[in-house]
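Engineer: Have a look at this one.
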């Protein structure tokens with residue numbers, strides 16, 4: 001095949017020379033592209049997306065991220081700020097759980113009961129439980145802890161609601177509809193106190 005092509009090229013060059021056409025002109029002519037025929041539909045480059053799909057995807061993103069509201073725009077700015085380590089695209093909790101690597105539970109394989117202790121000293125805890133992987137419930141661990149009398153929903157809302165510190169906290173929505181601490185702090189006082197008739201909630205950060 002290569003020999004045939006070389007023969008044809010040599011023949012073309014000889015004919016061009018006979019007609020007085022310079023070799024450079026022949027090369028330029030061979031490199032020129034034929035213009036597309038009039039009325040012929042141009043095919044879309046391979047790998048490109050249809051315009052309608054791009055438009056629909058952008059509209060879905062705007063709706064899902066609530067970018068049509070002031071609160072949604074504020075969340076987007078905090079998510080995509082240079083100092084933020086959050087993901088570019090929000091992932092539902094169920095997808096996050098499905099894609100995370102499996103947890104090694106071998107350390108709990110032979111555990112059939114959980115000890116309940118009280119008045120345990122730090123030394124006893126270190127010797128018996130700290131490095132054994134053995135679960136334990138310390139019934140009086142909060143005896144000297146002031147948190148139960150200080151921490152409340154109102155306390156954390158006042159601490160975080162107007163602060164940019166919440167943007168740096170990892171957030172676990174679990175089975176709630178919340179996607180950030182900012183959304184959590186928008187709930188009513190009745191729901192925050194788990195009043196009858198309100199939706200239950202549980203989060204972590």
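Engineer: In what sequence do 193, 157 fall when counting other Cβ within 10 Å, fewest first?
Structural biologist: Ascending Cβ contact count within 10 Å gives the list 193, 157.
Engineer: If each residue's Cβ is checked for other Cβ atoms within 10 Å, how do 107, 187 rank with the fewest at the top?
Structural biologist: Listed from fewest to most nearby Cβ atoms, that is 107, 187.
Engineer: While we're here: Order by neighbour count: 105, 169, fewest other Cβ atoms within 10 Å first, most last.
Structural biologist: Ordered from fewest to most neighbouring Cβ atoms within 10 Å, 105, 169 come out as 105, 169.
FYI, it's all coordinate maths here, none of it is from the lab. Source: prediction; values computed, not measured. Backbone-built Cβ (ideal geometry, glycine too); neighbour counts: all protein chains shown.
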